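Chemist: Attaching a single structure in structure tokens format; questions to follow.
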Amino acid sequence: MNFAIVGAGFSGAVIARELAEAGHKVTIFESRNHIAGNCHTERDAESDVMLHVYGPHIFHTDNEEVWKYVNQYSAFMPYVNRVKAVTGNRVFSLPINLLTINQFFNKTLSPNEAKEFIAQKGDSSITNPETFEEQALAFLGEELYEGFFKYYTIKQWGMSPAELPASILKRLPVRFNYDDNYFSHKYQGMPEHGYTVLVKNILDHDNITVHLNTEFNKSQAVEYDHVFYSGTLDGYFNYEFGRLPYRTLDFIKENHEGDYQGCAVMNYCDNSKPFTRITEHKYFSPWENHEKTVIYKEYSRECEPEDIPYYPIRQVKEKELLQKYVERANQEKGITFVGRLGTYRYLDMDVTIAEALKVARQFIQLTNEKKEIPSFFEQVV
């Protein structure tokens, strides 16, 4: 069979590889001048530092199959994400752990003492937290909420935590030990030569053709047996019901000598700075040595039509709009919507890869059984 895939990020690349290995021909249409989507990495010309061009991506997963999959296409180097945070003109470790608690409150509490101390700080009058703010106040108390979450959330989402659902603070980011590993997954690491090389290796198959700087036109769909679309869901339908809202990111890149901040990620949690964080990219490749350094100051704002969409805003009214597009998409034949943009969901890299493998395998199975192919393989709304 002959397939078109729109987008050369992880979703498109993994689906393409699975279909190619099953003997099918795949043509990928990528509107940008590079593969790997927002995971794209490249060497900085001045410093030779490997840059995460669209912001840092750290690979972390408990999914052994996904971990083995990516390791087929790149050596992965050990990497532990240790995030620091500035608030009240002081530096702390994130996620909030025993060191953070003891430093913040000038204490020397043991784990059990800290649990009791934080429980007393929490607002016991909030029994059924519905908003992000209520969730934080109920479990952490006002001081930690104000210090680490309130202003950072306003900068990141452009709205008060009182307007955001409690689900955003799903797992309370607090530990009562000195573990400062930002993630708790079994497998963590970085591709030795960057994500773009990893995706390039996935796409390295005789049955795969990639066209960069090339938009896919809906009229081309008739030339293919099926289309896998990882672009924006609303964009495919020319925004006929309106635009699904996203947050976008602006990066101010600076080159410096030596070290700038001494760590990969420094969050600015209070309102003393307009940016959310500074990332220092040579620290994402700690096995390399560089005399110079590159930092990105990261700003979050509402996504405009010409911007790169990053994070979907899935409030009540947005979900109502999404439902219209899902119903519209379900009327289509010969196309499946995949990935972060195609399903309007925030997806980590490992989940994106796992879903792409599932889509390709189920598609092959349904095709062999001569059954109808769905527009979505995942529950979207």
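The values are calculated or read from the model by the stated rules, or taken from the named source; none is laboratory data. In this text, all values refer to a predicted model and were calculated from it rather than measured experimentally. Because the Cβ atoms are built from the backbone with ideal geometry, glycine has one as well, and the counts that use them run over all protein chains shown.
Chemist: Listed residues Thr100, Thr87; which is among the hydroxyl-bearing types (Ser, Thr, Tyr) and touching a helix residue (DSSP H, G or I) at 6+ places or on another chain (Cβ under 7 Å)? Show your work before the answer.
Modeler: Values: Thr100 fails: touching a helix residue (DSSP H, G or I) at 6+ places or on another chain (Cβ under 7 Å).
Going through Thr100, Thr87 in turn, the sole match is Thr87.
Chemist: Having 2 or more residues that are among the aromatic types (Phe, Trp, Tyr) is the bar; report the strands (runs of 3 or more DSSP E) wholly within segment 213-281 that clear it.
Modeler: Details: elements: 226-229, 246-257, 265-268, 277-280.
Qualifying strands (runs of 3 or more DSSP E): 226-229, 246-257.
Chemist: Taking into account only those residues within segment 271-302 that are buried (at least 19 other Cβ atoms within 10 Å of the Cβ), touching a residue at least 60 places away in the same chain (Cβ under 8 Å) and among the charged types (D, E, K, R), which is nearest to Leu144 (Cα to Cα)?
Modeler: So the residue we want is Glu298.
Chemist: While we're here: It is to be established whether one or more residues within segment 189-196 are out of contact with any Gly (no Cβ under 8 Å at 6 or more places or on another chain), more than 26 Å from Asn102 (Cα to Cα), buried (at least 19 other Cβ atoms within 10 Å of the Cβ) and among the hydrophobic types (A, V, I, L, M, F, W, C). Walk me through how you get there before you give the answer.
Modeler: Going through segment 189-196, the residues out of contact with any Gly (no Cβ under 8 Å at 6 or more places or on another chain) turn out to be 189-196.
If we keep only those that are more than 26 Å from Asn102 (Cα to Cα) as well, we get 189-196.
Going one step further and asking which of them are buried (at least 19 other Cβ atoms within 10 Å of the Cβ), we end up with 189-191, 194-196.
Among the residues that remain, those that are also among the hydrophobic types (A, V, I, L, M, F, W, C) are: 190.
Yes: one or more hits.
Chemist: Looking at Arg314, Arg340, which is the one that is buried (at least 16 other Cβ atoms within 10 Å of the Cβ), modelled with pLDDT under 95 and either in a strand (DSSP E or B) or touching a Leu at 6+ places or on another chain (Cβ under 9 Å) (or both)?
Modeler: Values: Arg340 fails: modelled with pLDDT under 95.
Exactly one residue qualifies, and that residue is Arg314.
Chemist: Same structure, new question: Of everything in segment 165-184, what is crowded, with 20+ Cβ neighbours inside 10 Å and under 20 Å from the mean Cα position of the chain (by Cα)? Give them in sequence order.
Modeler: Leu169
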